[in-house]
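For reference, the structure is listed below as structure tokens.
The values are calculated or read from the model by the stated rules, or taken from the named source; none is laboratory data. Because the structure is a prediction, the values reported are computed rather than measured. Please note: Cβ atoms are built from the backbone with ideal geometry, for glycine as well, and neighbour counts cover all protein chains shown.
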Amino acid sequence: MAARWKLLTALWTVYLVWGSTYLGIKLTVRTLPAFLSAGSRFLLAGGLLALILWLTGRSIRVTRRELAASALLGVSLLALGVGLVTLAETRIDSSIAAMIAGTVPLQVILLRTLAHERVALATRLSVLVGLAGLALIAIPGGEGRSSAVGLAIALGATVSWSLGSFFAHRLPLPRDGFVATTWEMLSAGAFLLVLGVASGELGTMDPGGFTLESIAAWLYLAIFGSLIGFTAYAWLLRNAPISKVVTHQYVNPLVAIALGALLLDEQITLAVGLGAALIVGSVFVAVRQEGAKRRSPASADVQDTPADQTA
């Protein structure tokens, strides 16, 4: 087991950095185009990770099957999963986006249930509670700040992330997780740049209107959100009990909500607050239940939990 200070440092890095990415995205899209900013962010992070691997003597060469699998997962998790969240935050609050994203573990469990995998009754009930919380959040408030279109885009992003998470272990990915991530980020970045150009973002982009705040937020997302955040998460998966690693699933939305309220003056209505509580509580129950099954010798054939497959 790694030293306690290393575990705590990595864990809090994932808590704070990934929880703060929703704030970073909101600041970025104030003046930068959604798809182009997300795409260039992943290209920068992927390029830096490739450089780090090369400097440490690790090859990023993969087979065509591994490249295709990495590209498919990168498009599902990053290009659509994160890219659509970036677009959604041009219309909805960062805290709302974070709470919707918090339902990903529940959606993966729902997919497992539909695939006739063995899922405990308590876990299935927690999914129903969490989805009820999502329904409360997805009903636009009286102030109308969260548009229905933005909510639908954010929900579509979580569905793409959930599908990618569910099918990830079936794909012939490179054995080295960092190599796989490098190609996932590079593929997602290229896909988003093409999508940005195709949607007309390049023609409407005004570099002269970019603010220092948005540029700094974009750089933060690339370096801290994509590169450092994932590195800490990958290290945790190899050195910490999974029961501790998966706690980020319900801490990240809380961090995002707090930052949105403190720095962006985002208001949380009673219905949204109740929905957030239901989502966080249900994810907590689901994670604890799945963790208990993993520790049981009789459950050795149970699939990995969603948290093991997402990053």
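Restricted to the range 274-288, and to residues that are surrounded by fewer than 22 Cβ atoms within 10 Å (Cβ to Cβ) and at pLDDT below 85, which residue is nearest to L16 (Cα to Cα)? Per the criteria, the residue is F284. No other residue among R124, R41, R64 is modelled with pLDDT of 85 or more, among the charged types (D, E, K, R) and surrounded by fewer than 24 Cβ atoms within 10 Å (Cβ to Cβ) apart from R64.
Rundown of residues vs (1) among the small types (G, A, S); (2) in contact with a helix residue (DSSP H, G or I) (Cβ under 8 Å, 6 or more places away or on another chain); (3) modelled with pLDDT under 90, yes/no style:
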residue: E201; (1), (2), (3): no, yes, no
residue: I215; (1), (2), (3): no, no, no
residue: W218; (1), (2), (3): no, yes, no
residue: I223; (1), (2), (3): no, yes, no
residue: Y233; (1), (2), (3): no, yes, yes
residue: V246; (1), (2), (3): no, yes, yes
residue: P253; (1), (2), (3): no, yes, yes
residue: L259; (1), (2), (3): no, yes, no
residue: Q267; (1), (2), (3): no, yes, yes
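On the stretch given as the range 1-21, residues that are closer than 22 Å to S187 by Cα and either in contact with an Asp or Glu (Cβ under 7 Å, 6 or more places away or on another chain) or at pLDDT 95 or above (or both) total 1. As for the range 162-182, it holds at least one residue that is under 25 Å from A286 (Cβ atoms) and among the polar types (S, T, N, Q). Taking the residues in the range 289-311 that are hydrophobic (A, V, I, L, M, F, W, C) and in a helix (DSSP H, G or I) as candidates, determine which candidate is modelled with the highest pLDDT. Filtering the range 289-311 for residues that are hydrophobic (A, V, I, L, M, F, W, C) and in a helix (DSSP H, G or I), the one modelled with the highest pLDDT comes out as A292. In a residue-by-residue description of the range 35-56, the property of being under 20 Å from T231 (Cα atoms), assigned to a loop (DSSP other than H, G, I, E, B) and not hydrophobic (A, V, I, L, M, F, W, C) applies to at least one position. Checking each residue in the range 201-214 for being out of contact with any Gly (no Cβ under 8 Å at 6 or more places or on another chain) and either surrounded by 15 or more Cβ atoms within 10 Å (Cβ to Cβ) or part of a helix (DSSP H, G or I) (or both) picks out E201, G203, T204, M205, P207, G208, G209, F210, L212, E213, S214. Residue count for the range 1-15, restricted to those that are part of a helix (DSSP H, G or I) and touching a Phe, Trp or Tyr at 6+ places or on another chain (Cβ under 9 Å): 4. Candidates A217, A261, A222: the one that is out of contact with any Gly (no Cβ under 8 Å at 6 or more places or on another chain), surrounded by 22 or more Cβ atoms within 10 Å (Cβ to Cβ), not in a loop (DSSP other than H, G, I, E, B) and not charged (D, E, K, R) is A222. The sole residue among L16, L11 that is under 21 Å from L221 (Cβ atoms), surrounded by fewer than 22 Cβ atoms within 10 Å (Cβ to Cβ) and in contact with a Leu (Cβ under 8 Å, 6 or more places away or on another chain) is L11.
Of the listed requirements (1) out of contact with any Ser or Thr (no Cβ under 9 Å at 6 or more places or on another chain); (2) surrounded by 24 or more Cβ atoms within 10 Å (Cβ to Cβ); (3) more than 30 Å from G189 (Cβ to Cβ), L136 misses just one: (2). When you scan the range 142-154, do you find a residue that is within 21 Å of L270 (Cα to Cα), surrounded by 23 or more Cβ atoms within 10 Å (Cβ to Cβ) and at pLDDT 90 or above, even just one? Yes: one or more hits.
Candidates L110, L72: the one that is at pLDDT 95 or above and surrounded by fewer than 24 Cβ atoms within 10 Å (Cβ to Cβ) is L72.
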